[in-house]
Amino acid sequence: MRSFAARLVSWQKKHGRHDLPWQNTRDPYRIWLSEIMLQQTQVATVLPYYRRFVAAFSNVHVLAAAPLSEVLQHWSGLGYYRRAHMLHHAAQCVVAEHGGEFPADAQALATLPGIGRSTAAAIAVFAYGERGAILDGNVKRVLARHEGVEGFPGAAPVQRMLWQHAEALLPSRDVAAYTQALMDLGATICLRGSPRCEACPVATDCVARLDDRSA
């Protein structure tokens, strides 16, 4: 049997998402913006906000110089407004402390306001090709089911176990495609309420499916 990562990468090429406006770019600003907007928010909801936001704030310098009230106005309706505050603060930090250039590795990115370990890794993978594991909400569900990790995903012991699996399954190459595949699988196949196991490329060795507890 091919590895978990190899099966996901192959599936993503045929069935994954390839035409989202923040894909096919190495621009860390646009990747960062999309990652923040997508936190706890579905792609379909984010799309029009992302397009309007980029039109209004084309780069990190423009965003940093904008009044917070204007940023919040463009965020209005997207919810979780603390993200907008953090986004604005992070943009100002990038300009003031990093000369307007985003840090080029996950460890440094994670020092910016509103960027946690998983978001920093995602930005570094997509913008700089860094090899790093992610663990957003969708990926937690995928790995918990596939690896048979029980318990509340937000609990510290469960999180530690999921991070161990995330790092152990990380391939040595095609990391960006693998990372996108994990995101796509969680968003379109390994759904919270009604997972589409029949369409899943890693269903054959999924512990939750084998134990009939994937719902």
Highest-fluctuation residue, F57, F152, F126 considered, GNM on the chain with Cα pairs under 10 Å: F152
Highest-fluctuation residue, D205, D19, D174 considered, GNM on the chain with Cα pairs under 10 Å: D19
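Jot down the per residue volume, in cubic angstrom and as a whole number, of the convex hull over the alpha-carbon atoms of the stretch 77-215.
Given the Cα convex hull of the stretch 77-215, per-residue volume reads 126 Å³.
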Peptides ranked, highest mean first, by Cβ atoms within 10 Å: ranges 86-92, 70-76: 86-92, 70-76
Relative contact order (%) - the chain, alpha-carbon pairs under 8 angstrom, separation at least six: 22 percent
Accessible surface of the chain, 1.4 Å probe, proportion on carbon and sulfur as whole %: 51 percent
Nitroxide proxy distance, nm - points 7 Å out along Cα→Cβ at E70 and A56: 1.0 nm
Range in the chain, longest, excluding exposed trypsin sites (Lys or Arg not before Pro) [loop by DSSP; at most 15 other beta-carbon atoms within 10 Å]: 27-172
Listed residue (C200, P157, A65) projecting farthest to the positive dipole end of the chain, Cβ model: C200
Relative contact order (percent, whole number), the stretch 143-215, Cα cutoff 8 Å, 6+ residue spacing: 39 percent
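The values are calculated or read from the model by the stated rules, or taken from the named source; none is laboratory data. What you see is a predicted model; the values in this text were computed from it and never measured. Because the Cβ atoms are built from the backbone with ideal geometry, glycine has one as well, and the counts that use them run over all protein chains shown. Keep in mind that these areas ignore ligands, DNA and RNA; they rest on the heavy atoms of the full protein, side chains included. Shrake-Rupley method; radii C 1.70, N 1.55, O 1.52, S 1.80 Å.
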